[in-house]
Amino acid sequence: MSRSVGAVLVAGSANLDFVVRASHVPAPGETVLGREFATFPGGKGANQAVASARAGAVSTRMLVALGDDPQARVLEEALVDAGVAAQVVRVPDLASGTAFICLSDDAENAITVAPGANTGLRPHHLPSLRGVSHLLLQLETPLDTVATFARLARDAGVRVVLNAAPATTLPEGMLDSVDVLVVNEGELTALTGRGTVAAQIARLAVPCVVVTLGERGCVARRGAELFLQPAFPVDAVDTTAAGDTFCGALTARLSEHAGLADALRFASAASALACTRLGAQASIPARTDVDAWLATQVDDPARRAALAVYCGTP
Ligand code: RIB
């Protein structure tokens, strides 16, 4: 008998990204004369919802809080165009979320978020979880809301995936409700303190922990089992939303009952492709593109060995 495939529900932020390209990201107190300017739909939550939908999740829903302003329409339309069923909490007295991004010529970025209406997402806004297999959360909405959503989903038998970004200290006990934790190195250190990646992961009592390591790749621990996935090398132009693409694609594949190794490989490829295009949601590839590109990729044992050494895995 085949297992049923449930929907992915993303609850989180949406921001309109104001992006300026410059030779380098300014240091504190420095003014940099930039070049091209553009706006893109973004926000960690919305980016992850778009990534889930484009990765082919059977259905992707998003709970999002928006203002009552022209930016809200842009952000909602972007979700709908990507095939995400958006459930909007209207926060008329606050501007929709905004992010100010400086993108450097070496594809690095510095981001400042003005959360605005994202702060209006409250614990009582969680919709019915009927038909939902995975709830995907991030930390650009109030922490008490995220913690309550995670607990209610866990109680309802829904798998909880938390991307603990941006880095912060989590409320006591919040990780008890999390099935899959996805973090980058900075976020991992904020949660565990310093050490090798393997030692840091071992300190977390979450069933599955995934650590993204940029151009090195990613490592995951599920129970006692470790998974290493080297990154796919690309010529990166913009790493904005690379991590979000990873989270959305990973969750979509897990919702289809893909094995963890396969899901990590797919998410890594989707994330690599996102780095080759400008913008947040604008850069997120469709499943057909990822599958076609993956078919041309060969895993490199030397990169895998280097990743293992970096992580300090046995
Ligand atoms: O993770 C990238 C996102 O972070 C951007 O789209 C920006 O809106 C901020 O939320």
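The values are calculated or read from the model by the stated rules, or taken from the named source; none is laboratory data. Just so we're clear, the structure is a prediction, and the values are computed from it rather than from any experiment. Don't worry about glycine lacking a Cβ; one is built from the backbone with ideal geometry, like all the others, and counts go over all protein chains shown.
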Would you check which residues across segment 216-244 are surrounded by fewer than 18 Cβ atoms within 10 Å (Cβ to Cβ) and within 28 Å of residue 18 (Cβ to Cβ) and list them?
234, 235, 236, 237
Within segment 29-45, which residues are away from the ligand (no atom under 16 Å from the Cβ), surrounded by 10 or more Cβ atoms within 10 Å (Cβ to Cβ) and among the hydrophobic types (A, V, I, L, M, F, W, C)?
32
Look through 191, 250 and report the one residue that is farther than 14 Å from residue 312 by Cα, free of Cβ contacts under 8 Å to residues at least 40 places away in the same chain and not in a loop (DSSP other than H, G, I, E, B).
191
Kindly indicate whether any position in segment 187-206 is in contact with a helix residue (DSSP H, G or I) (Cβ under 8 Å, 6 or more places away or on another chain) and closer than 18 Å to residue 51 by Cα.
no
Kindly provide the set of residues from segment 13-28 that are within 9 Å of the ligand (Cβ to nearest atom) and in contact with a Lys or Arg (Cβ under 6 Å, 6 or more places away or on another chain), ordered by number.
13
Only residues that are of a type in the set (S, T, N, Q) and closer than 27 Å to residue 131 by Cβ: list them for segment 256-314, please.
281, 288
Long-range neighbours under 9 Å by Cβ, at least six apart or interchain, first residue at negative phi within segment 230-244, second near the ligand (Cβ under 9 Å from one of its atoms) and modelled with pLDDT under 95
238/109; 239/109; 240/109
Tally time: how many residues in segment 228-247 are part of a loop (DSSP other than H, G, I, E, B) and either more than 11 Å from the ligand (Cβ to nearest atom) or touching a Lys or Arg at 6+ places or on another chain (Cβ under 6 Å) (or both)?
7
From the list 96, 104, exactly one residue is polar (S, T, N, Q) and closer than 26 Å to residue 149 by Cα. Which is it?
96
Say whether the condition of being surrounded by fewer than 17 Cβ atoms within 10 Å (Cβ to Cβ) and within 16 Å of the ligand (Cβ to nearest atom) is met by at least one residue in segment 86-100.
yes
Residue that is closer than 17 Å to residue 126 by Cα, more than 16 Å from the ligand (Cβ to nearest atom) and either modelled with pLDDT under 95 or of a type in the set (Val, Ile, Thr) (or both), where the choices are 180, 206, 158
158
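Quick check on my filter: what residues within segment 189-215 are of a type outside the set (A, V, I, L, M) and either farther than 22 Å from residue 254 by Cβ or surrounded by fewer than 19 Cβ atoms within 10 Å (Cβ to Cβ) (or both)? Write out each step before concluding.
Narrowing segment 189-215 to residues of a type outside the set (A, V, I, L, M): 189, 192-196, 200, 203, 207-208, 212, 214-215.
189, 192, 193, 194, 195, 196, 200, 203, 207, 214, 215, listed by residue number.
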Give the residue that is surrounded by the fewest Cβ atoms within 10 Å (Cβ to Cβ), with candidates limited to residues of segment 252-287 that are basic (Lys, Arg) and over 15 Å from the mean Cα position of the chain (by Cα).
277
Subset of segment 121-130, residues surrounded by 14 or more Cβ atoms within 10 Å (Cβ to Cβ), assigned to a loop (DSSP other than H, G, I, E, B) and more than 16 Å from the ligand (Cβ to nearest atom), comes to 122, 126, 129
